[in-house]
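Worksheet for the structure shown next.
The values are calculated or read from the model by the stated rules, or taken from the named source; none is laboratory data. Predicted model, so just to flag it, every value in this text is computed and none were measured. Every residue, glycine as well, gets a Cβ built from its backbone with ideal geometry; the counts of neighbours run over all protein chains shown.
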Amino acid sequence: MAALALGKVNISFLRDSLTETIKLTGMVMLIMIGAQIFGRFVSLSMLPRNLISILAPIMDMPALVLIVISVLLFVMFMFIEGAAVILMSIPVLLPIITELQVDLLWFGVFVGVICTIGLITPPVGLSVYAVAGVSKIKSDSIFRVGMVFATAALVIVCGIMILYPDIVTFLPDSMDQ
């Protein structure tokens, strides 16, 4: 609509828009197909069961398991794009979370918070590159400050979420069903 209002719509614009839309849709579909195949592989390989047996000594301490998961996810989000980490890790982590009897809505928010924090950490740090591009500030100085902030946010925000899970689920739980 903006392009139409600005008078930028012509045959070339429509062709380029359609081409980019097809490319993006194809990439998303390939990612989804890959995620389905990976999910089946994880299920058939019994990886979640093996992880649960490895984590058995600490499974009676859900907070400790969640701390381990948050650190693991944080490191993964530092190096891999968010959607890819979610598609790779959720088939593995979901059985563990279910075994711990953790609210899935809470866990989704928890992963979202860690993903957001991961977007300001090097080397991927997509948010940092966006800010650096707009503000003309060097990305390395933004990363320096961002890493301190990200580490503090991970410890404080995730710690509060683990200690007080009702903060996350208060509003959805208060809705009439």
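Things worth noting here:
- Qualifying positions in the stretch 116-129 - assigned to a helix (DSSP H, G or I), in contact (Cβ under 8 Å) with a residue 40 or more places away in the chain and surrounded by fewer than 19 Cβ atoms within 10 Å (Cβ to Cβ): LEU126
Let's see how each residue does on (1) out of contact with any helix residue (DSSP H, G or I) (no Cβ under 7 Å at 6 or more places or on another chain); (2) loosely packed, with under 13 Cβ neighbours inside 10 Å; (3) modelled with pLDDT under 85:
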{"site": "VAL85", "(1), (2), (3)": "no, no, yes"}
{"site": "VAL102", "(1), (2), (3)": "no, no, no"}
{"site": "VAL111", "(1), (2), (3)": "no, no, no"}
{"site": "ILE114", "(1), (2), (3)": "no, no, no"}
{"site": "VAL131", "(1), (2), (3)": "no, no, yes"}
{"site": "VAL145", "(1), (2), (3)": "yes, yes, no"}
{"site": "THR151", "(1), (2), (3)": "yes, no, no"}
{"site": "ASP166", "(1), (2), (3)": "yes, yes, no"}
{"site": "ASP176", "(1), (2), (3)": "yes, yes, yes"}
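- Residues of the stretch 54-69 satisfying the condition of being within 16 Å of PRO95 (Cβ to Cβ), touching a helix residue (DSSP H, G or I) at 6+ places or on another chain (Cβ under 7 Å) and part of a helix (DSSP H, G or I): ILE58, VAL65, LEU66, ILE69
- Only one of the listed residues (ILE33, ILE37, ILE67, ILE80) is of a type in the set (A, V, I, L, M, F, W, C), modelled with pLDDT of 80 or more and surrounded by 15 or more Cβ atoms within 10 Å (Cβ to Cβ). That residue is ILE67.
- Matching residues in the stretch 100-127 - criterion: being farther than 13 Å from GLU81 by Cα and more than 13 Å from the chain's Cα centre (by Cα): LEU100, GLN101, VAL102, ASP103, LEU104, LEU105, TRP106
- Residue identified as part of a helix (DSSP H, G or I) and under 17 Å from GLY159 (Cβ atoms) among LEU105, LEU94, LEU51, LEU72: LEU72
- Test: residue in the stretch 28-38 that is outside any helix (DSSP H, G or I) and either in contact (Cβ under 8 Å) with a residue 12 or more places away in the chain or not basic (Lys, Arg) (or both): no
- Qualifying residue in the stretch 16-25 (condition: at pLDDT 80 or above, surrounded by 12 or more Cβ atoms within 10 Å (Cβ to Cβ) and outside the structural domain of VAL92 (by TED's automatic domain parsing)): yes
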